[in-house]
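Shown next, in structure tokens, is the structure this report addresses.
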Amino acid sequence: MNAQERLSLIRAGLSARHAREKRFRLYGVAAIAAALGFVAILFGMILVRGLPAFTQATLSLDVAFDPAILKVEDKPQRREGQSPAEFRKALLDWERKVTMLNFNRIVEQAVRAAAPGTTADARQALSIVETNARFQLRDMVVADPGLIGRTVRVDMLASANADNWLKGNIDRSLPDAQQQLSAPARALADQLHADGRIRFAFAWHIFTNVDSRSAPAAAGLAGAFVGSLYMMLVVIVLAVPIGVMSAVYLEEFAPKNRFTDLIEVNINNLAAVPSIVFGLLGAAVFINWFRLPLSAPLVGGLVLTLMTLPTVIIATRSALRAVPPSLRQAALGLGASRTQTVFHHVLPVTYPGILTATIIGVAQALGETAPLLLIGMNAFVAQVPATPLDQSTALPVQIYLWQGNENRNFFEARTSAAIIVLLALMLTLNAIAIFLRTRLEKRA
Amino acid sequence: MTTNARTEATPMHMPAERIVPQSDLYETPSSTVRTPDAEPRPARIVARKVNVFYGAKQALFDVSIDIPERAVTAFIGPSGCGKSTFLRCLNRMNDTIEGCRVTGTIRLDGADIADPALDPVELRARVGMVFQKPNPFPKSIYENVAYGPRIHGLARARADLDAVVESSLRKAGLWGEVKDRLNEPGTGLSGGQQQRLCIARAIAVSPEVILMDEPCSALDPIATARIEELIDELTQNFTIVIVTHSMQQAARVSQRTAFFHLGNLVEEGPTDMIFTGPLEKRTQDYITGRFG
Ligand SMILES: Nc1ncnc2c1ncn2[C@@H]1O[C@H](COP(=O)(O)OP(=O)(O)OP(=O)(O)O)[C@@H](O)[C@H]1O
Ligand SMILES: [Mg+2]
């Protein structure tokens, strides 16, 4: 075979080789485009549905704190010789009396004052204001009894039904029988909206309020958020040190034998166990056996720790395995002990990998729902948990609860809004991971 | 070639300077060996009948050798003959290799290094090592050199540490090039500089013996020449064992040369004699380039 023949043979195959390469690249681009497309559709749908929930119909009313309705003695002051306990009791008595006052009537009058010509009766007028308005006014009076007798501009949430009506979430042509609000109430809402007394304001309370059944428009994520935060803390505090130490021991110190092989296989199996099984385990071990409280973020965190551990261990081990042996030899050859070698040289170069794995594991745990249902974290909890042992829900569970709420028109957007908050939190976590990773890599 | 092949060429009479490692000659470890200038130097390391196994596979067969103090001993031989393996025996780096087993005795200043009472950490502080591929720590140049003295508690005050770092870098001929960038990562240096940094790192703990496994194989001729100069200077204070594939290098830097083949130490003696008049045919064949 001469050079000419060889060259023509190579050329003959060349176009086929190029075509194959082009085809392969095309497949790759198509796969990425498809993945990105689905992500875009998902995010787009959630944003379109959820973003309207971040603004909410809010009434801006001149509230007259009418002394004829709000008949209560002066707020007790601490007297000479009165013990603190006595004073507190007197104050509580007074607050109870304030609570018993008819604030609904004040709200109703404020609504009527804004729309003098309305045909709505008292119930209908109140139906466009969220039921927590009276507690809002009560709290104002408790804080400052001097308000009684004065007229103050107060922002109050419109009810979920009024919000639906004004946002057009309800078909306006439906007959009265199928509408949530009565005809006069709907007219009232429209009138106040037209007069600028009802605005769409940013709904800060989604972040600051706890969940609520009686006042759905005022329901917020604060309780679930803090619950999730506690669980993440538990996961980080437990899963990271335990996971990293186990991985370091298995990879750097443990003898390689049947037993460690068995452990390795089981860790891999554990990573594949469905999360709901961890929930069952948590219910059996932490609640039935250790008698930890139901619905507590501590228990949730423990269950999620069990779930996250294999992820952390596997990722740390592969990070350790990727460290070139020459680094270990360099340290050992200098007379470093094995522990010094690992902690001074090997582990530091794996920090970026461990960190990324940890944050991804924690983000996964943050989004986990199924195991939490089995340890009672789907309970309705209307307070922010003060400690990890208090009852609480979690963000994904709150999404699940809202998704199941019977006021579909209102909670559909709310659910998407909660999903947006959860996704934002996860994206933040991932961004932190990337940031820290690049920082650490630059330093190394 | 079989394992006992080296018995076939036992010389009838031997000049005093020449030592063919024949195990019966070594029943009692000799305390001195003769160097070419006939100045006797005490043996720092005495190895007797060292066998090494990787799992079931034997890599070294009955290696016995004396390594003299403050001289350079070169190990030569074809690839895979066990030079690195034997070198690693001398500071028990083989302990760190899974499935590696060493038998026989190796004495450092008369003390058995396999003695369970002797901590390998202490041994490696006394017998330093420089590897074939430069492997600085991914830390600053300063930290690379300071690490050894620091973990061994040799220099506690910052000023002491600074002094050790400077003198080590000076001895390694690197000070001038890096004195203004001590805080930059050691991995950012050129290959030759990295290797000199590794040498500085090794001598910073003032070991008695330095083992070098093909320290110049990744370097260009100029960097190689610098390291050879450096080895020459280090001989004044240190005992050096160097593995090399370059006959010229062995001839240039070493006072004694040991030729390994197929896991056997075939011949060992003063370098000029090994190169000008080897006693073994295999040595002759190897240094004249007929195999290997
Ligand atoms: N970690 C190991 N596991 C198993 N066998 C090994 C190991 N290291 C070396 N060997 C074997 O031991 C023998 C000697 O290897 P060694 O590395 O000592 O050779 P060498 O003389 O240094 O070769 P080179 O000049 O190529 O570096 C070879 O057959 C090699 O395959
Ligand atoms: Mg080698």
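Summary table below
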{"quantity": "Most positive-pole-ward Cα, A:Met245, A:Gly13, A:Leu192, against dipole of chain A from beta carbon charges", "calculated": "A:Gly13"}
{"quantity": "Shielding by partners, peptide A:323-332 (average Cβ within 10 angstrom, other chains)", "calculated": "5"}
{"quantity": "Number of partner chain Cβ atoms within 10 Å, mean per residue of B:126-134", "calculated": "3"}
{"quantity": "Average beta-carbon neighbours from other chains, 10 Å sphere, peptide A:338-351", "calculated": "2"}
{"quantity": "Cα-centred dipole magnitude for segment A:222-443, charges only on beta-carbon of K, R (+1) and D, E (-1), debye, nearest 20", "calculated": "580 debye"}
{"quantity": "Too-long pairs where the Cα-Cα distance tops 32 Å, listed order kept, from B:Lys57/B:Lys133; B:Lys171/B:Lys281; B:Lys83/B:Lys139; A:Lys442/B:Lys179; B:Lys133/B:Lys171; A:Lys22/B:Lys139", "calculated": "B:Lys171/B:Lys281; A:Lys22/B:Lys139"}
{"quantity": "Packing-based ranking, highest mean first, of A:286-294, B:208-216, A:20-28 given that Cβ atoms within 10 Å are counted", "calculated": "B:208-216, A:286-294, A:20-28"}
{"quantity": "Mean Cβ count within 10 Å, highest first, over the residues of peptides B:106-118, B:229-241, B:264-276, A:388-400", "calculated": "A:388-400, B:264-276, B:229-241, B:106-118"}
{"quantity": "Per residue solvent-accessible surface (Å²) - the protein assembly as shown, probe of 1.4 Å", "calculated": "49 Å²"}
{"quantity": "Largest to smallest accessible area among A:His193, A:His345, B:His152 [probe 1.4 Å]", "calculated": "A:His193, B:His152, A:His345"}
{"quantity": "Total formal charge among the other residues, if their Cβ is under 13 angstrom from that of B:Ile287, Lys/Arg +1 and Asp/Glu -1", "calculated": "-1"}
{"quantity": "Ordering of A:266-279, A:218-231 by burial proxy (mean other Cβ atoms within 10 Å per residue, highest first)", "calculated": "A:218-231, A:266-279"}
{"quantity": "Cα-based shape type of the protein assembly as shown, given that a ≥ b ≥ c are square roots of the gyration tensor eigenvalues and the cut on a/c is 1.5", "calculated": "prolate"}
{"quantity": "Within the protein assembly as shown: Cβ-based charge dipole about Cα centre, in debye rounded to nearest 20 (Lys, Arg +1; Asp, Glu -1)", "calculated": "1260 debye"}
{"quantity": "Nearest-ten-degree value, helix A:3-50 long axis tilted from longest Cα axis of chain A", "calculated": "20 degrees"}
{"quantity": "Rounded to 10°, Cα long-axis angle of helix A:133-143 versus longest principal axis of chain A", "calculated": "80 degrees"}
{"quantity": "Solvent-accessible area buried by pairing A with B, both sides, nearest 100 square angstrom, 1.4 angstrom probe", "calculated": "1600 Å²"}
{"quantity": "10 Å binning of all Cα-Cα separations within segment B:3-287, expressed as whole percents from 0 upward", "calculated": "7, 29, 35, 21, 7, 1, 0"}
{"quantity": "Degrees, to the nearest 10: B:158-171 long Cα axis against longest axis of chain B", "calculated": "50 degrees"}
{"quantity": "Carbon and sulfur %, accessible surface of chain A computed with the full protein complex present, 1.4 Å", "calculated": "62 percent"}
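The values are calculated or read from the model by the stated rules, or taken from the named source; none is laboratory data. Model, not experiment: these values are computed from the prediction. Quick reminder, even Gly has a Cβ in these numbers, built from the backbone with ideal geometry, and neighbours come from all protein chains shown. These accessible areas exclude ligands, DNA and RNA; they are computed on the full protein's heavy atoms, side chains included. Shrake-Rupley method; radii C 1.70, N 1.55, O 1.52, S 1.80 Å.
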